[in-house]
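A short worksheet on the structure shown next.
The values are calculated or read from the model by the stated rules, or taken from the named source; none is laboratory data. Please read these numbers as outputs of a predicted model, since none were measured by experiment. All Cβ positions, even for glycine, are placed from backbone atoms using ideal geometry, and neighbour counts span all protein chains on display. Note: accessible area is taken over every heavy atom of the protein model, side chains too, but ligands, DNA and RNA are not part of it. Shrake-Rupley method; radii C 1.70, N 1.55, O 1.52, S 1.80 Å.
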Amino acid sequence: MAVDAQTVEKLAELARIAISKETIDDVSSRLGDVLQLVDQLQAVNTDGVEPMAHPLDEVQVLRRDQVTEPNRREEFLALAPQTEAGLYLVPKVID
Amino acid sequence: MHQLTIAEIIRGLRDRQFSSVEITSHLLERIQQLDSQFNSFITVTGEQAIQQAAAADARLAQGNAPALCGVPIAHKDIFCTNGVRTSCASKMLDNFVPPYDATVVDNFLQAGAVSLGKTNMDEFAMGSSNESSYYGAVKNPWDVERIPGGSSGGSAAAVAAQLVPATTASDTGGSIRQPAAMTGTTGLKPTYGRVSRWGMIAFASSLDQGGPIARTAEDAALMLSVMAGPDTKDSTCLDRPTQDYTANLNESISGLKIGVPSEYFGEGLDSEVGARVQEALKEYEKLGAELVEISLPHSKLAVPAYYVIAPAEASANLSRFDGVRYGYRCENPADLRDLYMRSRGEGFGEEVKRRILVGSYALSAGYYDAYYNKAQQVRRLIKQDFVDAFQKVDVIMGPTAPNPAFKLGEKNADPVAMYLEDIYTIATNLAGLPGMSIPCGFAHGLPVGLQLIGNYLDEARMLNIAHQFQQASDWHQKIAPAAQ
Amino acid sequence: MEWEVVIGLEVHVQLATQSKIFSGASTAFGAEPNTQACAIDLAMPGTLPVPNEEAFRYAVMFGLAMNAEIGKRSVFERKNYFYPDLPKGYQTTQLEQPIVGAGQIEIHLEDGSSKTVRLHHAHLEEDAGKSLHEAVFDSGHGMSGIDLNRAGTPLIEIVSEPDMRSAAEAVAYLKKIHSIVTYLGISDGDMSQGSLRCDANVSVRLKGEEELGTRAEIKNLNSFRFIEKAIKVEAQRQIDLIEDGGKVVQETRLYDADKNETRSMRSKEVANDYRYFPCPDLLPVVLSDEYIEQIRAELPELPDAKCARFESEYGLSAYDADQLTQERATADYFEQVATKSGEPKLAANWVMGELAALLNREDKSIVDSPVPAEHLASLIARIKDNTISSKIAKQVFEAMANGEGDADTVIEAKGLKQVTDTGAIEKLVDDVLAANGAQVENYRSADPDKRPKMMGFFVGQIMKASKGQANPQMINEILQQKLNALL
């Protein structure tokens, strides 16, 4: 199954991953190989089979509503590429 | 001293044959001398290791030492270590020093273990050859022109090269078992949820599971006893009491029913690898086990189902790497979109990007039912195969991988060929079952792994079964030439 | 052509839990930026979510209050999109299996009519952080700052069916939601702090048409007034557009309050494909019948029940009962005044009259009322026992509003006690009659039928002379006697 360049561009946009013009054909063809592999699934009859998101049939344990996390802002901000006034900086957000 | 197993080190430390500082220094020296050949470590924390070893020696002297007090280990660089760079072998996290420990890391600290550093791996644990690391490929100590398997290639190579007696690792589709098989080591992927995932950087959350790589089943049991257990910080971690996994090692396996799935011995399996596995099964018969032919009819679908589910989960799990709060940010982003596109485009390697794109595709509008949902349905069919099989048998055995270690670069150009190296290991991740790989001989001069698949939470039994084999064979004691 | 507006609302309500929905960080409002964003909220590598039990309890309370089905098995999903205020690159929310299923509520309109609005579902999800723009920085780098304190605050998103047909209905529905969540105590409902926010899906169609028109979604409406205005202006825009031969485009729009117009948010429209899938870090949440029934048993009295009780127990009109029960604080205040004073109807009049006017004037909510309920009750008790007249009562109320104490203290301090001494009133009557000889003469010569009306003049004069403190009934009696004596 082939994947065209346009589809790759759309996926790259969704995933926010820059893909250079030079490599796009290569990426397309490899993606196509992978999709061909997974397309084997289409031949299987799965009528009435419940999808399985978790390997075990466990249920969620809920947490008590308690504040347990102290303020560690300075430690966390120190990991960031750019901060100011206690905020993470990013190029202007346009609403 | 580097040939000692963990069990032997524990005895040696308690009997004062040597100190933790001595063995730690010895191994650090060995890493410095030898690891340039293997590239199995990304970060070596020598100074911290000596400090930990000295503290361990003090506790040992006081006589109140915990289980692994003074025992040197190393962590796969997927586990967050407080104050020590945790890169996941990605440029994206080359500068990332977490201010917190993974639960697994903390468990080893509590147990008194000494960490020598962080082992190399495929970037974000995506790979079967350890060639996708930002820090360069890892080489197999049995033949440095060959891959050590992946993604826990560094963990496996370090153990095989006797740079460290055991390591932590993680397994999403075979990433503990396949490198263990390639390097002649013993690897255990526990039941999904047996080991906490807190602080273990997520690849595919419903498949990822931490576990040990060691030289013997006994050591794997000692490691698992520390790693496993409930953790309220991980919703998917099983709330079941842990146990001493060494307790049952010496039990007899007479009467054991071993399921041998015909699907695991078909086309694609290297004949020499197949022969070694058959010989191992015969050995088990000698030990009193009974071989039962079984069928896992949906086996062939495991790889395709996996390559939908794992990339789908990964595509979301890796969205947090956006150049805003930590990690790599591109130079001079023109705007917000550019910040995202280039930080992620430049920060991730090719295989990681490919999987994110595949995952995005499988989840996107119009394809969800045909891919993601279908794969999750097939996943249930695969699980059901195992559930049915375990009605008849106690354990399932077969090869860990279809081939022994291939040459570096051999399968780089063909991702699908690489994916098929995990054909026998992936199904257990999809089903959440525990799996092990133990050495069972050599094919083309390279180690071969025997895979054991157990029922849910049956780790103690599997370790017993593996240990009994290792009592009757010496494949696990063979030493890689480069380690001598 | 007669047009019909069709409105569905998506209301986001912040739940008043102590900690976040998936982490143990505080949800308190107004902290320094990023001081309440822990490793989980920041999506640090390897961190994992663990859901907050209280958020589920609150969501179940809401569902029960909406007469809705409760999702005994609910599943969190990931909604994938990139935005700097969304640290994980996905929002953890619910889609296929929400905690609250279909339900319905009754809304009350200004004209006294009622209407049922259907609930499609309500789900739990996490709030995002906030982007702040350059104004907060000294340097002019033109970048935005991200504060993630709010990231991970629990929300319920309440999705209605498109059952509303006017801006007024939408406001009434929203008020009802506000009323329910505050009655339940699951949210502070403070719209100015963003605790309750609303997106409106608005479309128009010709009256009688079955099919729905193309809708526009107006985002982030955060006051009742803006919602009303935004819906009106958007509906008119769509009508004008269609009448001019245009077509409504399905899109997200933003309401600009300054210009009173909505405008397209094209920037957000780029290929929205959220790629929802079940969150593999979280397991299905399964709630037992016992758990749900326990919550049901502990539900507080809700607005409709309280309204009905106020009618029957206190004899209030339907309108008054409804007005008084829209907000729990008002209802509680009223009920205190009514029981302490023993005069529910007077209590209702005062709460909806003088008190409401006072609060409005001072822009205060009833919980911060300058006149506590006990004080108002004491005032009504003094009216009832004739210590003061209704007229003087207003004066006392003003003094109470100025913090001069309860009714008795004010009456005492200002000497406002009603004059009921016969001698004192007789003197007042005599003085007034003596000072108004001409009017007395007119009264005497007037036709007997007209005399009762003419008495009013003298009553007014006497009341004035007493500074309003003379008991009106006694004035009437004594005046009548004295005038009769003059005939």
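At a glance:
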{"item": "Simple label model, 7 Å out from Cα along Cβ direction - C:Glu477 to C:Lys247, nm", "result": "8.4 nm"}
{"item": "Nearest-20 debye value, region B:55-130 charge dipole, Cβ charges on Lys, Arg, Asp, Glu", "result": "80 debye"}
{"item": "Two-site FRET efficiency, B:Ser295 against B:Asp239, from Cβ-Cβ distance with R₀ of 35 Å, rounded to 0.05", "result": "0.55"}
{"item": "Over region C:422-486, relative contact order from alpha-carbon pairs under 8 Å, at least 6 apart, %", "result": "47 percent"}
{"item": "Where a label projected 7 Å from the Cα of A:Thr68 along Cα→Cβ would reach, residues of region C:18-44 with amide N under 17 Å", "result": "C:18-27, C:37-44"}
{"item": "Accessible surface ranking that places the most exposed of B:Thr232, B:Thr425 first, with a 1.4 angstrom probe", "result": "B:Thr232, B:Thr425"}
{"item": "Those residues of region B:399-441 for which accessible area with every protein chain present is at least 50 Å² below the isolated value (1.4 Å probe)", "result": "B:Val416"}
{"item": "Electrostatic dipole magnitude of the protein assembly as shown [Cβ: Lys, Arg +1; Asp, Glu -1; Cα centre; debye, to 20]", "result": "880 debye"}
{"item": "Centre separation in Å (Cα based) which lies between region B:116-153 and region C:387-433", "result": "94 Å"}
{"item": "Probe 1.4 Å, protein heavy atoms only - accessible area per residue of region C:301-414 in square angstrom", "result": "47 Å²"}
{"item": "For the pair A and C, total buried accessible area rounded to nearest 100 Å², probe 1.4 Å", "result": "3800 Å²"}
{"item": "At least 20 Å² accessible surface lost relative to isolated chain, residues of region B:351-365 (1.4 Å probe)", "result": "B:Lys353, B:Arg354, B:Leu357, B:Val358, B:Ser360, B:Tyr361, B:Leu363, B:Ser364, B:Ala365"}
{"item": "For region B:368-484: relative contact order, % (alpha-carbon pairs under 8 angstrom, 6 or more apart)", "result": "26 percent"}
{"item": "Cα-based helix-to-principal-axis angle, C:167-184 vs chain C, degrees rounded to 10", "result": "90 degrees"}
{"item": "Exceeding the 28 Å Cα-Cα cut-off - candidates C:Lys115/C:Lys207; B:Lys76/B:Lys374; A:Lys10/B:Lys76; C:Lys340/C:Lys464; B:Lys189/B:Lys374; B:Lys300/B:Lys407", "result": "B:Lys76/B:Lys374; A:Lys10/B:Lys76; C:Lys340/C:Lys464"}
{"item": "Cα→Cβ-extended label distance, 7 Å offset, between A:Gln82 and C:Leu109, nm", "result": "5.3 nm"}
{"item": "Simple spin-label estimate for C:Met454 and A:Thr23 in nanometres, 7 Å along Cα-Cβ", "result": "10.8 nm"}
{"item": "Region C:3-294, accessible surface, carbon-and-sulfur percent (1.4 angstrom probe)", "result": "46 percent"}
{"item": "Surface share of carbon and sulfur [accessible, 1.4 angstrom probe, percent] for region B:97-245", "result": "49 percent"}
{"item": "Accessible area of region C:301-414 belonging to carbon and sulfur atoms, whole % at 1.4 Å probe", "result": "46 percent"}
{"item": "Proximal aspartates and glutamates relative to C:Lys450, as straight alpha-carbon distance under 14 Å, when same-chain residues fewer than 8 apart are discounted", "result": "C:Glu441"}
{"item": "A/B buried area, accessible surface, summed, 1.4 Å probe, Å²", "result": "5100 Å²"}
{"item": "Cβ-derived FRET efficiency at R0 25 Å, C:Arg118 paired with C:Asp240, nearest 0.05", "result": "0.25"}
{"item": "Two-site FRET efficiency, C:Glu374 against C:Ala31, from Cβ-Cβ distance with R₀ of 45 Å, rounded to 0.05", "result": "0.80"}
{"item": "Hz values of 3J(HN,Hα) by residue in region B:101-112 - Karplus curve (6.51, -1.76, 1.60), Gly and Pro given as x", "result": "9, 5, 4, 4, 4, 4, 4, 6, 4, 4, 7, x"}
{"item": "Accessible area buried, both sides summed, chains C and B with 1.4 Å probe, Å²", "result": "2700 Å²"}
{"item": "0 to 90° range, to nearest 10: angle between helix C:328-341 axis and chain C longest Cα axis", "result": "30 degrees"}
{"item": "Relative contact order (%) - criterion: Cα under 8 Å, at least six apart; region: chain B", "result": "18 percent"}
{"item": "Antiparallel DSSP beta bridges within the protein assembly as shown, percent to nearest 5", "result": "85 percent"}
{"item": "Mean accessible surface per residue for region B:132-227, computed with a 1.4 Å probe while every protein chain stays in place, in Å²", "result": "10 Å²"}
{"item": "Cα-based reach from C:Lys247 at 20 Å (exclusive), listing aspartates and glutamates while leaving out same-chain residues under 8 positions away", "result": "C:Glu2, C:Glu4, C:Glu209, C:Glu210, C:Glu211, C:Glu217, C:Glu234, C:Glu261, C:Glu269"}
{"item": "Accessible area, probe 1.4 Å, largest first, for residues C:Leu95, B:Leu116", "result": "C:Leu95, B:Leu116"}
{"item": "Long-range HN-HN contacts of C:Phe277 with modeled amide H, under 5 Å", "result": "C:Arg78"}
{"item": "Proximal charge balance of C:Tyr274 [Cβ under 11 Å; K/R count +1, D/E count -1]", "result": "+1"}
{"item": "Probe 1.4 Å, all protein chains present, accessible-area order of B:His444, A:His54, largest first", "result": "B:His444, A:His54"}
{"item": "For a label point 7 Å along the Cα-to-beta-carbon line of C:Trp3, residues of region C:243-260 with backbone N under 13 Å", "result": "C:243-249"}
{"item": "For a label point 7 Å along the Cα-to-beta-carbon line of C:Ala329, residues of region C:187-229 with backbone N under 11 Å", "result": "C:188-191"}
{"item": "Hz values of 3J(HN,Hα) by residue in region A:28-37 - Karplus curve (6.51, -1.76, 1.60), Gly and Pro given as x", "result": "4, 5, 5, 4, x, 4, 5, 5, 5, 4"}
